[in-house]
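**Q** There's a structure below that I have some questions on.
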Amino acid sequence: MTGKLKKNPPFTDGRRKARPSPLPHLLTINCGSSSVKFAIFCLGDNIEPVLRGSVTEIGKAQGHSSARLANSTALWNAKPACKDHGAAIEHVLNQLEDNAELWRISLVGHRIVHGGPDFIEPLELDSKSEADLDRLTPLAPLHLPSNLAGIEAVRQMRPQATQFACFDTAFHSAMPENAVRTGLPLAMAGDVIRRYGFHGLSYESAIYRLVRREGRVALKDRILIAHLGAGASMVAVHHGRTIDTSMGFSPLSGLPMATRSGDIDPGLILYLINEEGWSAEELVDLLNNRSGLLGQSGTSGDVQMLVGSNSDKDAAAAIAFFCYQARRHLGALVAAMGGIDRLIFTGGIGENSSEIRSQICTPLEKCFGTIIEPKRNKAGKPLLSAKDAAVTIEISPADEELMIARHVAKLVANSQKETALP
C-alpha cells in the first residue's frame, strides 16, 4: 500500500466516522541519528496512542515512511527522499494534514538527547530555552542539531502549536557524586564537564512498565537495564534512581555501538593526533561513523545482518566483541550497585535478538547460576528466566513516545491548575 489513504475518514477503523473529541492531541517526535519516530496521543484520563509511525533512511536517496492507527490500520506507506530531519518532519506533518484532523494537534513533545547541566526536567519550549539548547550542540553534535531541526520544522508548519522538550539526560540527573565525576582535575569540572548518561526516556519506560506490572515494591530490586540498539548503553537503578550508567559525558562512550566506538583509551586518541597526524574532523568521523560493529565487521553495523552472516568470521567476531563488552560493563554496574536482582533488556537489539541476549547472559551463569531459559529466550518471552532464578531477566519494549506524552500531559495539567488559581 503506497501513497495517501483516501477512502477511510481520519482516525477511524473504516467502519464508522470518528466523533470529534474535545481532548487535546499531542504529537511526539523522537529524532534518531537517521530516523524519526512519531506518535499522536489523546490526552485525557488515559493517555492512549491514536497512531504511531516512523521515517527511516533519512539522508539517503530513498527513505521509508509509514504510519498505523492504534488498531493497526495502515494510514500511509510512502518512500520519500528526506535530505535531513527537518525535511522528514515536514513530510510527516504534510502526511498528517492530508490523512488526519491535524487541527486537533495543539501540542508537540520532542525527545532531546542532551539537556546539559541545567535541563533536568521536561519543560515548555520558548526562545530562551531553544537558544540555550543550541549552545549545548557541542556536547552532542550528532544529535542536538536534528532535535533542533525538528522544533524549527514544527514552528514553520504549525506555529500555533505549543512545543515541549523531554531530555534523555534528565533521568540520570541525581546520580551519586562519584558517578558524575570524570577523573579530570576538579577545577575543570565547572557546570559542563561531568558524566551525564543518556537513553533516559527508554530507561524510564522500562521502570514505568515494571511499576505498573508489579507495583513500586519492585523498585527495591537492584535493577540493571540494557538499552541495546544502534546506540547502546546500560544503567544500574536502585529505588528508581540511577546509581551509574555506561555512557558518560557524551553518547560516544560506554558500549561499542552500530558505528560508534564506545569506550576507547584516551592515549590512543593522543597517539592518532600526535603520531599519525589525525585532525579533529577525522577523529569525529572515525569515532562516530566508522567504528563499533561496522568497524569490527568491516561490512555492517546492523546486528540482524551480522548475526545472520553465519559464515562470516569477521561478523561473528564483531558480535562476540559487542557481547563481551556488554558483559564487562554489566559487571562494573553490578559492582557499583552492590549486586543485581533484575536484568531488563530493551531497545531494538535487546528486544529482538535472542542471540545477543544469550551471548551476554550465558557466560554469567558462572556467577549467578542458570539465569536465562533457552526456549523462552528464543521465543522472545517477556520473562526469560526461571521463576526461581537468582536474577530475574525480562524483555521490556521501549516506549519513549509514551514517556514524552506523560510528561507533557503533566506539564499541561499543572499549567491549567496554575491558571485556575484566583
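**Q** Using the Cα centre of the chain as origin and beta-carbon charges of +1 (Lys, Arg) and -1 (Asp, Glu), tell me which of 329, 393, 304 is placed farthest towards the positive end of the dipole.
**A** Positive-most Cα among the choices belongs to 393.
**Q** Which net charge results when you count Lys and Arg as +1 and Asp and Glu as -1 among the other residues whose beta-carbon is under 15 Å from that of residue 321? Let's see the in-between values first.
**A** Numbers: positive: 260, 313, 327, 328; negative: 263, 312, 314, 355.
Residues near residue 321 contribute 0 overall.
**Q** What is the set of long-range amide H partners of residue 105 at a cut-off below 5 Å, with H atoms built 1.01 Å from backbone N?
**A** It is none; the list stays empty.
**Q** Using the Cβ atoms and a cut-off under 12 Å, what net charge is assigned to the surroundings of residue 224, where Lys and Arg are +1 and Asp and Glu are -1?
**A** Values: positive: 222, 327, 342; negative: 221, 244, 341, 394.
Around residue 224, the surrounding residues sum to -1.
**Q** How far, in degrees from 0 to 90, does helix 200-214 lean away from the longest principal axis of the Cα atoms of the chain, to the nearest 10?
**A** So the helix axis and the longest Cα principal axis differ by about 80 degrees.
**Q** Also, I was wondering about something else. Along the charge dipole of the stretch 61-117, which of 96, 108, 67 sits closest to the positive end, that is, farthest toward it, with unit charges on the beta carbon of Lys, Arg, Asp and Glu (+1, +1, -1, -1)?
**A** 67
**Q** Can you find, among 291, 256, 229, the residue sitting farthest towards the positive end of the charge dipole of the stretch 198-400, where Lys and Arg contribute +1 and Asp and Glu -1 at Cβ?
**A** Positive-most Cα among the choices belongs to 229.
**Q** Which of the peptides 354-365, 191-202, 111-122 is most tightly packed, and how do the rest follow, going by the mean number of other Cβ atoms within 10 Å of each residue?
**A** Details: 354-365: 18.8, 191-202: 22.6, 111-122: 20.4.
Final packing ranking: 191-202, 111-122, 354-365.
**Q** I would also like to ask the following. In what sequence do 84, 388 fall when counting other Cβ within 10 Å, fewest first?
**A** On the way: 84 14, 388 7.
Fewest-to-most ranking of 84, 388: 388, 84.
**Q** Follow-up. ³J(HN,Hα) across the stretch 279-294 via Karplus (A = 6.51, B = -1.76, C = 1.60, θ = phi - 60°), whole Hz, x for Gly/Pro?
**A** The phi angles translate into 8, 4, 5, 5, 5, 4, 5, 4, 6, 9, 10, 10, 10, x, 5, 4 Hz.
**Q** Name the long-range amide H neighbours of residue 257: under 5 Å, sequence gap of 5 or more, or other chain; modelled H, no Pro or chain starts.
**A** Correct list: 262, 292, 293.
**Q** If a/c stays under 1.5 just call it rounded; otherwise compare a/b with b/c (prolate if a/b is bigger, oblate if not). Do that for the stretch 309-422, with a ≥ b ≥ c from the square roots of the Cα gyration tensor eigenvalues. Could the numbers behind the result be given before it?
**A** On the way: a/c = 2.52, a/b = 2.03, b/c = 1.24.
Note, shape of the stretch 309-422 comes out prolate.
**Q** How far is helix 313-337 tilted, in degrees, relative to the longest principal axis of the Cα atoms in the chain, given as a value from 0 to 90 rounded to the nearest 10?
**A** Rounded to the nearest ten degrees, it is 90.
**Q** For every helix of n ≥ 4 consecutive DSSP H residues, a contribution of -39,500 (n - 2.57) applies; sum these over the chain, divide by its total residues, and give [θ] at 222 nm rounded to the nearest 500 deg cm²/dmol.
**A** Numbers: 16 runs with 162 residues, N = 422.
My calculation for the chain gives -11500 deg cm²/dmol from helical runs alone.
**Q** Just subtract the alpha-carbon distance of residue 302 and residue 212 from 0.36 nm times their residue separation and send over the number in nm, one decimal. Can you show the working numbers first?
**A** Working: separation 90, 0.36 × 90 = 32.40 nm, distance 3.25 nm.
That pair, residue 302 and residue 212, stretches by 29.2 nm at full extension.
**Q** For the Cα atoms of the chain, what angle does the longest principal axis make with the long axis of helix 400-420, in degrees from 0 to 90, nearest 10?
**A** Compared with the principal axis, the helix lies near 50 degrees.
**Q** Rounded to the nearest 20 Debye, what is the dipole magnitude of the stretch 198-400 about its Cα centre when Lys and Arg each give +1 and Asp and Glu each give -1 at the C-beta?
**A** Numbers: 20 positive and 23 negative charges, 231 e Å.
The calculation lands at about 1100 debye.
**Q** Regarding the chain, what are the three Cα extents along the principal axes, ordered largest first, in Å?
**A** 58, 54, 51
**Q** Say R0 is 41 Å: what FRET efficiency, to the nearest 0.05, do residue 332 and residue 414 get from their beta-carbon distance? Write down the numbers at each step before the final one.
**A** Details: r = 38 Å, r/R0 = 0.93.
The computed FRET efficiency comes out at 0.60.
**Q** Determine which residues of the stretch 134-172 fall in the zone a paramagnetic label at residue 264 would reach in this model, i.e. backbone nitrogen under 18 Å from the point 7 Å along Cα→Cβ.
**A** 139-143
**Q** Related question: Of the peptides 213-221, 284-292, 139-147, how do they stack up when ordered by the mean number of other Cβ atoms within 10 Å, highest first? Don't skip to the end; give the middle numbers.
**A** Working: 213-221: 12.4, 284-292: 17.7, 139-147: 20.0.
Those peptides, ordered most packed to least, come out 139-147, 284-292, 213-221.
**Q** Continuing with this model, one more query. If amide H atoms are built 1.01 Å from N in the plane of the peptide, which residues on other chains or at least 5 residues away come under 5 Å of the amide H of residue 222?
**A** Amide H to amide H, under 5 Å and 5 or more residues apart or across chains, residue 222 pairs with 341, 342.
**Q** If you plug each phi of the stretch 219-224 into the Karplus form 6.51 cos²θ - 1.76 cosθ + 1.60 with θ = phi - 60°, what whole-Hz ³J(HN,Hα) values come out, in order, with x for Gly and Pro?
**A** Karplus-based 3J(HN,Hα) across the stretch 219-224 equals 6, 6, 5, 8, 10, 10 Hz.
**Q** Give me the net charge of residue 201's neighbourhood, meaning all other residues with Cβ under 11 Å from the Cβ of residue 201; Lys, Arg count +1, Asp, Glu -1. Each step should come with its number before you reach the end.
**A** Details: positive: 111, 406; negative: 168, 204, 399, 400, 401.
Net local charge, residue 201 excluded: -3.
**Q** In units of 2.2 N^0.38 Å, what is the alpha-carbon radius of gyration of the stretch 222-319? Each step should come with its number before you reach the end.
**A** On the way: Rg = 15.5 Å, N = 98, 2.2 N^0.38 = 12.6 Å.
The stretch 222-319 yields a ratio of 1.23.
**Q** What fraction, in whole percent, of alpha-carbon pairs in the stretch 62-150 exceed 23 Å separation?
**A** Result: 38 percent of Cα pairs exceed 23 Å.
**Q** What would the Debye formula give as log10 I(q)/I(0) at q = 0.25, 0.26, 0.27 Å⁻¹ for the alpha-carbon point model of the stretch 119-166, no solvent?
**A** With no solvent term, the Cα-only Debye profile gives -1.02, -1.09, -1.15.
**Q** If I stretch the segment between residue 378 and residue 281 completely, what's the gain in nm (0.36 nm per residue apart, minus their alpha carbon distance), one decimal?
**A** Working: separation 97, 0.36 × 97 = 34.92 nm, distance 4.23 nm.
Contour length minus Cα-Cα distance gives 30.7 nm.
**Q** Suppose every Lys and Arg Cβ carries +1 and every Asp and Glu Cβ carries -1, with no other charges. What dipole size does the chain come out with about its Cα centre, to the nearest 20 debye?
**A** Details: 45 positive and 45 negative charges, 356 e Å.
Computed charge dipole of the chain: roughly 1720 debye.
The numbers here are math on the coordinates, done by the rules we state, and not lab data. As the structure is a prediction and not an experimental result, all values here were calculated from the model. When we count neighbours, we look across all protein chains shown, and the Cβ atoms used for this are built from the backbone with ideal geometry, even at glycine.
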